[in-house]
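Participant: Before we start, here is the structure in question, set down as structure tokens.
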Amino acid sequence: MMKKTLLTALMGAAMTVAATGDLLAQTTLRIFTGGQQRPDVMRQIVDVYMQRNPGVKVEVEVGGATSEQQQQYLNTVLASRDTSLDVVLIDVIRPAQWAAAQWAEPLDSYLGAEKDAIMARYLPAYREANIVGGKVIALPYFADAQFLYYRKDLFEKHGVAAPKTWTELRDGTKKIMAAEGNANLSGFQTAGAPIEGTVCTFMVPYWQQGGNLTDAAGKLTLDPAMSKKTFDLWADYKAASVLPANIAEIVTDRMRQNYQAGQLIATMNWGYVWNRVENDADSQVKGKTGVVPMPGFEAGKSATCVGGWQLAVTAFSKNKAEAVKLVRYLSSPEVSKQQAILASHLPVFPEVYTDADVLKANPWFKDALPVVQTARSRPVSPRYTEVSEIIRTNMNAFLAGTKTADAALADMQSRLGGIFK
Ligand code: GLC
């Protein structure tokens, strides 16, 4: 009885101190994010959460410049059942792996009776990506897709229309490069280094031909002719010097930097690029960019890759209930809108695309929803790390000129065949 009274008194005191804004927070939550996912914006958002929840302190840990680097680090941390991380931002390709490894705390019981209503509000691709084996593994933070960013000013100056096909993009950038006569101006870049983004460098042209990597039963259906056409596309771009000679070293954020420095005419890149290009102090190309769907082999036959980042509560967190509350907030329409305005992160809720403030910051979002809705998903597999490694290292070796298209394809067929069987 005595003890209980004392505890109640202490709890009351702690709450009073916290409420007056003093240092005594009751719970500290640690959230992990990657450097490319705008940790500065995450900080602003969690600061608001802390103001509204005086008993909670949120720390933001940043690591890994690319998706696979982040996961490599997390593999080590989570394999040792580390309790220091409560919430982790994971790429849209990872929930299956996280579920299989039991790194994520399933959220179903926390969402309770509201679960279906909560999940129904998200764009279907994000609802589906986060439910594995009937369990909610994470909640969406932002959506993503690849678009063509191009120098609208240069296309207009040289009388070239916005490209709808790969041929138009190749010929247009070649013409602009020749006319500008600037040795530092590159034509087009897509990810070519052995990183996650290079999976999409293979998949986008492959999907545009109607190709699927697997059938409904999960068996490999890698089509040799469509794969060959994909390799040929990039070989042709390289031969035309539209892709730079060092394409096999190019990573996502490098393309953004090159573009922003005025050294690149067009790039296949993700949503975040717009905000950086239009707002960074060092941007040389403010107001000069058009964003359109990726060109296809035929006009109107576009395809792009589903990207995006999810919030998982780790299975080892000591503050799971508080962590879920934070995740619910970070995965809300309010935060989706803030992210769209502050970082051009594509919304996971359809209604946010038509919000006036969002459109003011990102006029191209008015046409972005159908692109996101029809984007294709990279294959879902608990062995996605291997799947990714097989595709990106073969694509990279081909771009580096160290492997022929036939050898790359044969390796992909045999190794992917061992996973999707
Ligand atoms: C972006 C996408 C993510 C993708 C990554 C590859 O961050 O949102 O899904 O895997 O780029 O570079």
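The values are calculated or read from the model by the stated rules, or taken from the named source; none is laboratory data. As the structure is a computational prediction, the values presented were derived from the model and not from experiment. Cβ placement follows ideal geometry from the backbone for every residue including glycine, while neighbour counts extend to all protein chains displayed. Areas reflect the complete protein model, heavy atoms only, side chains present, ligands, DNA and RNA absent. Shrake-Rupley method; radii C 1.70, N 1.55, O 1.52, S 1.80 Å.
Participant: Taking the criterion of being aliphatic (A, V, I, L, M), open to solvent by 10 Å² or more (accessible area, probe 1.4 Å), within 16 Å of the ligand (Cβ to nearest atom) and closer than 30 Å to Asp280 by Cα, would at least one residue in region 330-340 satisfy it? It would help to see each step written out before you state the result.
Facilitator: At the first step, the residues of region 330-340 found to be aliphatic (A, V, I, L, M) are 330, 335, 340.
Keeping just the survivors that are open to solvent by 10 Å² or more (accessible area, probe 1.4 Å) gives none.
Checking region 330-340: not a single residue is aliphatic (A, V, I, L, M), open to solvent by 10 Å² or more (accessible area, probe 1.4 Å), within 16 Å of the ligand (Cβ to nearest atom) and closer than 30 Å to Asp280 by Cα.
Participant: Taking Gln260 and the conditions (1) among the polar types (S, T, N, Q); (2) within 16 Å of the ligand (Cβ to nearest atom); (3) open to solvent by less than 10 Å² (accessible area, probe 1.4 Å), which numbered condition does it fall short on, given that it satisfies the others?
Facilitator: (2)
Participant: For region 274-296, which positions are assigned to a loop (DSSP other than H, G, I, E, B) and open to solvent by 10 Å² or more (accessible area, probe 1.4 Å)? Even if it seems obvious, please write down each step before you answer.
Facilitator: In the first step, residues of region 274-296 are kept if they are assigned to a loop (DSSP other than H, G, I, E, B); the result is 280-288, 293-295.
Hits for region 274-296 are Asp280, Ala281, Asp282, Ser283, Gln284, Lys286, Gly287, Lys288, Pro293.
Participant: Can you find, within region 96-141, the residue that is nearest to the chain's Cα centre (by Cα) among those that are within 15 Å of the ligand (Cβ to nearest atom) and among the hydroxyl-bearing types (Ser, Thr, Tyr)? Can you show your working first?
Facilitator: Applying the first criterion (within 15 Å of the ligand (Cβ to nearest atom)) to region 96-141 yields 96-98, 123, 125-126, 128-130, 138, 140-141.
Among the residues that remain, those that are also among the hydroxyl-bearing types (Ser, Thr, Tyr) are: 126, 141.
On the way: Tyr126: 12, Tyr141: 10 Å.
Of everything passing the filter in region 96-141, Tyr141 is nearest to the chain's Cα centre (by Cα).
Participant: What residue, among those in region 143-183 that are in a loop (DSSP other than H, G, I, E, B), more than 16 Å from the ligand (Cβ to nearest atom) and among the aliphatic types (A, V, I, L, M), is nearest to Ala400 (Cα to Cα)?
Facilitator: Keep residues of region 143-183 that are in a loop (DSSP other than H, G, I, E, B), which gives 145-146, 158-164, 181-183.
Filter once more, so that each one left must be more than 16 Å from the ligand (Cβ to nearest atom): 158-164, 181-183.
Going one step further and asking which of them are among the aliphatic types (A, V, I, L, M), we end up with 160-162, 183.
Numbers: Val160: 30, Ala161: 31, Ala162: 29, Ala183: 21 Å.
Restricting to residues being in a loop (DSSP other than H, G, I, E, B), more than 16 Å from the ligand (Cβ to nearest atom) and among the aliphatic types (A, V, I, L, M), the top hit is Ala183.
Participant: Select from region 297-322 the residues that are open to solvent by 50 Å² or more (accessible area, probe 1.4 Å) and either within 16 Å of the ligand (Cβ to nearest atom) or under 30 Å from Trp207 (Cα atoms) (or both) and list them in ascending order.
Facilitator: Once the filter is applied, which keeps residues that are open to solvent by 50 Å² or more (accessible area, probe 1.4 Å) and either within 16 Å of the ligand (Cβ to nearest atom) or under 30 Å from Trp207 (Cα atoms) (or both), region 297-322 yields Phe297, Glu298, Ala299, Gly300, Lys301, Ser302.
Participant: Output the number of residues of region 126-137 satisfying the condition of being aliphatic (A, V, I, L, M) and either open to solvent by 30 Å² or more (accessible area, probe 1.4 Å) or not assigned by TED's automatic domain parsing to the domain that holds Phe349 (or both).
Facilitator: Final tally of qualifying residues: 2.
Participant: Do you know which of the residues in region 43-81 that are among the acidic types (Asp, Glu) and open to solvent by less than 50 Å² (accessible area, probe 1.4 Å) is modelled with the highest pLDDT? Steps first, answer last, please.
Facilitator: In the first step, residues of region 43-81 are kept if they are among the acidic types (Asp, Glu); the result is 47, 59, 61, 68.
Still in the running and open to solvent by less than 50 Å² (accessible area, probe 1.4 Å): 61, 68.
Values: Glu61: 98, Glu68: 93.
Going through the qualifying residues, I end up with Glu61.
Participant: Assess whether Ile93 counts as being over 16 Å from the mean Cα position of the chain (by Cα), in the same structural domain as Ser67 (by TED's automatic domain parsing), open to solvent by 10 Å² or more (accessible area, probe 1.4 Å) and at negative phi. Working first, answer last.
Facilitator: Details: over 16 Å from the mean Cα position of the chain (by Cα): no; in the same structural domain as Ser67 (by TED's automatic domain parsing): yes; open to solvent by 10 Å² or more (accessible area, probe 1.4 Å): yes; at negative phi: yes.
It is false that Ile93 is over 16 Å from the mean Cα position of the chain (by Cα), in the same structural domain as Ser67 (by TED's automatic domain parsing), open to solvent by 10 Å² or more (accessible area, probe 1.4 Å) and at negative phi.
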